[in-house]
1. Could you compute the net charge surrounding ALA97? Neighbours are other residues with a C-beta less than 13 Å from the C-beta of ALA97; K and R count +1, D and E count -1.
2. With every protein chain left in place and a probe of 1.4 Å, what is the accessible surface of ASP180, to the nearest 10 Å²?
3. Divide, for the chain, the radius of gyration over alpha carbons by 2.2 N^0.38 Å, where N is the residue count.
4. Taking the range 226-291, which chymotrypsin sites (Phe, Trp or Tyr not before Pro) meet the DSSP loop condition and have no more than 14 other C-beta atoms within 10 Å?
5. Please say if the range 324-390 is rounded, prolate or oblate, where rounded means a/c under 1.5 for a ≥ b ≥ c the square roots of the C-alpha gyration tensor eigenvalues, and otherwise the choice is prolate for a/b larger than b/c and oblate otherwise?
6. For the chain, what does -39500 (n - 2.57) per DSSP helix run (n ≥ 4), summed and divided by total residues, give at 222 nm, in deg cm²/dmol to the nearest 500?
7. Could you rank the peptides 93-104, 203-214 by their average count of other C-beta atoms within 10 Å per residue, with the highest value first?
8. First compute the accessible area of the range 1-115 with a 1.4 Å probe, then give the percent of it belonging to carbon and sulfur atoms.
Amino acid sequence: MNTTDKTIFLETAWDIACELIKSSIWQGDSCTWQGYSMEAVNGKYEGILRTFGADIYSGTSGIALFLAALYSEKKDPILLKTIEGCLSQMTSLMHTAPDHGFYSGKPGIAAALIKIGSQLERSEIVAAGIKLLESIPTTALQSYEIDVISGAAGTIPVLLDVYKTYTNPVLLNKAIALGDLLYHSAEKNKDVWSWRTVPSQKSLTGFSHGSSGIALALLQLYEATENPQFLEAATGGFNYERQSFDATQHNWPDFRDGVSTTYNTVCGLAWCHGAPGIALSRLKANQIKPDSTFEQEMFVALTTTKDNVYHNLMDNLHHTNYSLCHGIAGNAEILLDCSPECNQLAETVGTAGIYKYKTNRLPWPTGVNSGQYTPGLMMGIAGTGYFYLRLFDSEKHKSLLLPGC
């Protein structure tokens, strides 16, 4: 497929952006969105209609990252006004966000402010993002402040990226302090290390809440500091997943309570849990510290991910959605980054979605269990839009499935 053919992907991203613009809710100069979110109600998770905060995962920062990336392709004044409304909402709410985590907390909001501020040449927005990072505490971590989503493993890559760009030693020192906390909070069994991030009988594997994301952050910190204790911790985290690997399923178990049991091992097939996210972690790890074991694990994880994508395409997309977190769009994005020979398959996923949803004017299925409308990046249509933008130009529009700036 040549560049001209790919304009359909840009058009699809623009259609989704128009839907977001139309559904935005304004108060003064700020805008936000309303949609469904999976919330605990009487011990069960249900889809609840709500407005969202400033975070990357479901909130305004994630939507703004998509809209700003699209603005670099299409200089539309209403699109720019919506981005500015996002920035106003983000700066007004950023100090109420959790301290840690790329997708749920202040580091992700800061990264979004710095990136969008740079794109729009708004130095005051960049400065606000850096100041927010400087405010993040590094004295102690709760168990829920360890992983990529809401913890130090999602904070460290942002601190390192901004330090490299702006040479701010405060940010490097914060990253090192958080790395020390991760080092000491690990459960250590010789050269096998793991971290308890959510209530479960075993520590989790996988990228979002498990060893992959944490070990990768520590490896990135080792690259920046050459401190051997961070390499030791990273290696221990990767070893935990090697020990947990299920050879019969060519995948890694999901140890969350209520998912796998003593008699039934369930493996995830998404960015958040299972082979797709683990493939992405091994790609990045191998770029930092080339290792044949990383390459082998990435190959296994990619093969499992590819098989899942083929299955969902053959099933006419009946049992998947187009979210980044745990849908076919996220898995196709990972194939796009990890395996150039899979570009055609990723584009097939995009084309299939266009034929089924865009052409028939059907709503894009989201990552909410019921498929109900939600606007955000990881579960909703902003992520679907960003997937199509990446199909249009994956070199220019980098993956948001890895923490960083």
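1. That sum, taken over residues with Cβ under 13 Å, equals -2.
2. Counting only protein heavy atoms, ASP180 exposes about 50 Å² to solvent.
3. 0.93
4. Hits after loop and neighbour filter: TYR263.
5. Oblate, since a/c reaches 1.5 and b/c is not below a/b.
6. Helices in the chain give a 222 nm mean residue ellipticity of -16500 deg cm²/dmol.
7. Going by the mean number of other Cβ atoms within 10 Å, highest first, we get 203-214, 93-104.
8. Carbon-and-sulfur percentage of accessible area, whole number: 51.
The values are calculated or read from the model by the stated rules, or taken from the named source; none is laboratory data. Just so you know, these numbers come straight off a predicted model, no measurement behind them. Ideal geometry is used to build each Cβ from the backbone, glycine not excepted, and the neighbour counts take in all protein chains shown. In case anyone asks, the SASA skips ligands and DNA or RNA and just uses the protein heavy atoms, side chains included. Shrake-Rupley method; radii C 1.70, N 1.55, O 1.52, S 1.80 Å.
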